[in-house]
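I have placed the structure first, in the form of structure tokens, so that the comments after it can refer back to it.
The values are calculated or read from the model by the stated rules, or taken from the named source; none is laboratory data. All of these numbers come straight from a predicted model, not from anything done at the bench. Note: ideal-geometry Cβ built from the backbone for every residue, glycine included; neighbour counts use all protein chains shown.
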Amino acid sequence: MKTQSKTYPVILRSKKEGMIFFPDNIEEIQKENMEGIEEDFYEYDLIKIDNIGQQIENYDLFKIENYAELRKQAYGNWHDQLETMQEQGFTGWQTYCSQIKTKYPKQ
């Protein structure tokens, strides 16, 4: 889910929902406000994963410690993966998977 914020996004824990909200693909953008003035915003994908007590203070460490769940969400369901194979061929799908593994390393 694409989200925007005026402040730099951080990983948040929601005790009520039992989820962690992980901001990914963070980009700084400029946008005109209602008065016509350019303002800086951050646009990012908000990924929700189950809260099982993970540390959330270190962004890079969080990505490594939770790589499996982040990869799972990035791959999508098997319907999406089959569609990717149909549209891009098996080699295209392999490239897509390789990019996800690079983005969310196992280390």
Given the conditions (1) surrounded by fewer than 16 Cβ atoms within 10 Å (Cβ to Cβ); (2) under 17 Å from GLN99 (Cα atoms); (3) outside the structural domain of GLN107 (by TED's automatic domain parsing), and given that GLN88 satisfies all but one, which numbered condition is not satisfied? (3)
Qualifying residue in region 43-50 (condition: closer than 24 Å to LYS103 by Cα, part of a strand (DSSP E or B) and aromatic (Phe, Trp, Tyr)): yes
I need the full set of residues from region 78-104 which are within 22 Å of ILE11 (Cβ to Cβ) and of a type in the set (Val, Ile, Thr), in order please. ILE100, THR102
In region 21-39, anything on the phi > 0 side of the Ramachandran plot and not in a strand (DSSP E or B) is listed as GLY36
Tabulated pairs, region 55-69, first within 10 Å of GLN107 (Cβ to Cβ), second surrounded by 14 or more Cβ atoms within 10 Å (Cβ to Cβ) and aliphatic (A, V, I, L, M), C-beta under 9 angstrom, 6+ apart or interchain: LYS63/LEU70
Scan region 51-63 and give yes if some residue there is touching a strand residue (DSSP E or B) at 6+ places or on another chain (Cβ under 7 Å) and of a type in the set (A, V, I, L, M), otherwise no. yes
Test: GLN107 is closer than 26 Å to PRO9 by Cα and touching a strand residue (DSSP E or B) at 6+ places or on another chain (Cβ under 7 Å): no
Qualifying residues in region 45-77 (those that are of a type in the set (Phe, Trp, Tyr) and either at pLDDT below 95 or under 14 Å from LEU12 (Cα atoms) (or both)) - the one surrounded by the fewest Cβ atoms within 10 Å (Cβ to Cβ): TYR59
Filter pass, TYR8 being farther than 17 Å from LYS106 by Cα, assigned to a loop (DSSP other than H, G, I, E, B) and either of a type in the set (Val, Ile, Thr) or touching a Phe, Trp or Tyr at 6+ places or on another chain (Cβ under 9 Å) (or both): yes
